[in-house]
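The values are calculated or read from the model by the stated rules, or taken from the named source; none is laboratory data. No experiment lies behind these values; they were computed from the predicted model shown. Because the Cβ atoms are built from the backbone with ideal geometry, glycine has one as well, and the counts that use them run over all protein chains shown. Surface areas here come from the heavy atoms of the whole protein model, side chains and all, with no ligands, DNA or RNA. Shrake-Rupley method; radii C 1.70, N 1.55, O 1.52, S 1.80 Å.
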Amino acid sequence: STMVVVMWPLLPPGFAPIAVRGTGRGHIDVQQSYVVIANHQSAFDIFVLYGFLGIDFKWIMKHELRKIPGIGIGCEKVGHIFIDRSDHDAAIKSLSRARQKIVNGTSVIFFPEGTRSSDGRLKDFKKGAFKMALDLDLPILPVTITGTKQILPNKTLDLFPGKALMKIHE
């Protein structure tokens with residue numbers, strides 16, 4: 001178990017103290033590649049995963065994010081994978097290209113709900129993560145993140161003090 005307090009600068013006037021605790025890192029073999037699946041409640045989930053997962057990974061991202069200035073080009077340059085969910089054939093081709101990047105301990109992260117949950121309840125999972133795990137014979141590493149919805153609510157840039165937990169399951 002690890003715990004870190006993050007002081008996140010807001011637009012003036014100050015800081016939002018955010019405590020993040022991660023548990024279950026003992027379930028990870030850093031030499032193993034995984035298909036990581038995590039629930040998705042807030043954009044802050046991304047920072048939690050980057051800060052506390054402790055493995056090299058690539059994201060599977062909806063292609064609409066490629067259009068966001070700075071984020072789109074940055075994600076493309078570091079090798080994240082964009083998926084056009086409206087075009088099944090194009091999505092399959094993107095996942096096929098992604099397979100080349102998921103080797104030697106580099107993992108891939110999916111938010112299998114496909115989008116953030118507005119009410120905190122899990123949405124139905126899309127099947128891409130599970131298909132990739134089967135096709136590549138990779139284990140699934142399930143991750144649960146809680147508390148982030150209150151820290152960075154959807155459709156806002158307002159950060160609030162709070163506590164987040166990232167639990168890595170077997």
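Under 5 Å between amide hydrogens, built in the peptide plane, is the criterion, and for Tyr34 it picks out Ser107, Val108 among residues at least 5 positions away or on other chains.
Keeping every protein chain present and rolling a 1.4 Å probe, give me the accessible area per residue for region 109-169 in Å².
58 Å²
Taking amide H as placed 1.01 Å from N in the peptide plane, the amide H of Asp84 sits under 5 Å from that of His63, Ala91, each at least 5 places away or on another chain.
With 0.36 nm allotted per residue and the present C-alpha distance subtracted, the Ile140-Gln32 stretch has 37.8 nm of extension available. For region 151-165, 3J(HN,Hα) computed residue by residue from phi via the Karplus equation (6.51, -1.76, 1.60; θ = phi - 60°) reads 6, 9, x, 4, 6, 8, 10, 6, 9, 10, x, x, 10, 10, 10 Hz, glycine and proline entered as x. For region 49-59, backbone phi angles converted through the Karplus equation (6.51, -1.76, 1.60; θ = phi - 60°) give residue-by-residue couplings of 5, 4, x, 10, 6, x, 9, 6, 8, 10, 9 Hz, Gly and Pro being listed as x.
Considering all alpha-carbon pairs of region 17-167, what whole percent are spaced by more than 25 angstrom? Before the final figure, lay out the partial values.
Details: 3104 of 11325 pairs.
Roughly 27 percent, rounded to a whole number.
A protection proxy built from the mean count of other Cβ atoms within 10 Å ranks the segments 162-169, 123-130, 70-77, most packed first, as 162-169, 123-130, 70-77.
A simple charge model with +1 on the Cβ of Lys and Arg, -1 on the Cβ of Asp and Glu and nothing else charged puts the dipole of region 21-124 at about 160 debye relative to its Cα centre. In this structure the amide hydrogen of Asn39, modeled in the peptide plane, comes within under 5 Å of the amide hydrogens of Val143, Ile145, none closer than 5 places in sequence on its chain.
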